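Participant: What follows is a single structure, and I will ask about it in a moment.
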Amino acid sequence: MHKIDVGANVLQVNEKIALENKELFKKWGVFTVNLMSAPGAGKTSVLEETIKRLKDNFSIAVIEGDLQTTVDSDRIKALGIPAYQITTGNVCHLDARMVHNALHEFKLDGFDILFIENVGNLVCPAEFYLGEDLRVMVYSVVEGAEKPKKYPLMFHEVEVVLLNKIDLLPYAGVELKDLEKNVLEVNPRAKIFPISCKTGEGIDDWISWFRNRIQKFRENVKS
Ligand SMILES: Nc1nc2c(ncn2[C@@H]2O[C@H](COP(=O)(O)OP(=O)(O)OP(=O)(O)O)[C@@H](O)[C@H]2O)c(=O)[nH]1
Ligand SMILES: [Mg+2]
């Protein structure tokens with residue numbers, strides 16, 4: 001088996017800057033979420049559905065990561081939410097320095113939640129800590145049931161897996177229980193929410209968990 005390791009030095013430098021980001025987020029009191037997935041699994045759709053349900057209670061900002069275009073940040077801005085687009089060119093993930101540089105221009109003092117939508121990629125984003133408090137991944141049912149086994153790192157590194165596009169299950173040739181089983185094989189602690197951004201099914205359960213998670217974060221910050 002060939003194994004490709006990102007240079008240890010690159011990751012060490014990244015970790016140092018990520019910890020600086022974490023300090024800034026802490027100082028500003030902002031709860032930060034790193035949202036990752038393969039391209040097109042539904043990260044921006046999840047953000048739209050999540051923001052619609054939270055924006056009356058929390059002040060929210062979004063950093064978008066994409067190779068090209070402002071398509072995703074435009075979708076977020078259309079909801080009245082400040083969004084900052086990082087275009088990485090040909091880099092397949094966000095790193096801590098990109099986020100750090102964005103924070104010079106995108107001040108988050110006074111915000112409750114920062115969502116960072118990572119570049120669509122099932123491998124590299126999971127290697128780069130950005131200073132976030134919570135890692136969430138979107139896994140769409142049309143990707144097939146074997147992805148957790150074939151690409152274990154991201155599944156292993158996240159607290160939550162949003163199993164998206166369940167409205168397409170009848171056409172996807174997979175069983176929800178197999179998707180769940182394979183995720184839990186790689187990460188037994190993963191909290192899994194089957195959802196559909198199209199029909200809204202399951203989204204309220206995810207939102208309810210997320211509200212509790214922020215509450216816990218705030219209690220920890222105080223103590
Ligand atoms: N049927 C169905 N389609 C969905 C669902 N969620 C997202 N989509 C569609 O999937 C496509 C990709 O969704 P996005 O939210 O743009 O996915 P993304 O992960 O942000 O994509 P990238 O940022 O390009 O990686 C769009 O056409 C969405 O309308 C869902 O629950 N059901
Ligand atoms: Mg997107």
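The values are calculated or read from the model by the stated rules, or taken from the named source; none is laboratory data. Bear in mind that the values here come from a model prediction, so they are computed numbers and not experimental data. All Cβ positions, even for glycine, are placed from backbone atoms using ideal geometry, and neighbour counts span all protein chains on display. When the accessible area is computed, the model is the full protein with side chains, heavy atoms only, and any ligands, DNA or RNA have been set aside. Shrake-Rupley method; radii C 1.70, N 1.55, O 1.52, S 1.80 Å.
Participant: So with the 1.4 Å probe, I'd like the accessible area per residue for the chain, rounded to whole Å².
Facilitator: Averaged over the residues of the chain, the accessible area is 49 Å².
Participant: Please grab the % of Cα pairs in the chain that end up more than 28 Å from each other.
Facilitator: For the chain, the share of Cα pairs beyond 28 Å comes to 26 percent.
Participant: Oh, and also: Mind putting a number on the dipole of the chain about its Cα centre? Charges go on the C-beta only, +1 for Lys and Arg and -1 for Asp and Glu, and I need it in Debye to the nearest 20.
Facilitator: 380 debye
Participant: Which percent of the accessible area of region 8-217 is formed by carbon and sulfur heavy atoms (probe 1.4 angstrom)?
Facilitator: So the carbon and sulfur contribution to the accessible surface is 51 percent.
Participant: On to the next question. Considering every pair of different Cα atoms, what Kirkwood radius, in Å, is found for region 1-111?
Facilitator: When all Cα pairs of region 1-111 are included, the Kirkwood radius is 15.4 Å.
Participant: Give the dimensionless ratio obtained when the Cα radius of gyration of region 112-220 is divided by 2.2 N^0.38 Å.
Facilitator: Scaled against compact globular proteins, the figure is 1.07.
Participant: Per residue and in Å³, how big is the convex hull formed by the alpha-carbon atoms of region 86-167?
Facilitator: 120 Å³
Participant: Sorted by average packing, counted as other Cβ atoms within 10 angstrom per residue and highest first, what order do 121-128, 78-85 take?
Facilitator: Ranking the peptides 121-128, 78-85 by packing returns 121-128, 78-85.
Participant: Report, in whole Å, the centroid distance computed from the Cα atoms of region 36-73 and region 113-145.
Facilitator: 12 Å
Participant: Here are some pairs, K147/K198; K22/K52; K52/K216; K150/K191; K16/K177; K26/K149; which of them have Cα atoms lying more than 28 Å apart in this structure?
Facilitator: Long pairs (Cα-Cα over 28 Å): K16/K177; K26/K149.
Participant: Among 38-45, 137-144, how do they line up by average Cβ neighbours within 10 Å per residue, starting with the highest?
Facilitator: Ranking the peptides 38-45, 137-144 by packing returns 137-144, 38-45.
Participant: For region 173-223, what is the convex hull volume of its Cα atoms per residue in Å³?
Facilitator: Residue-normalised Cα hull volume stands at 90 Å³.
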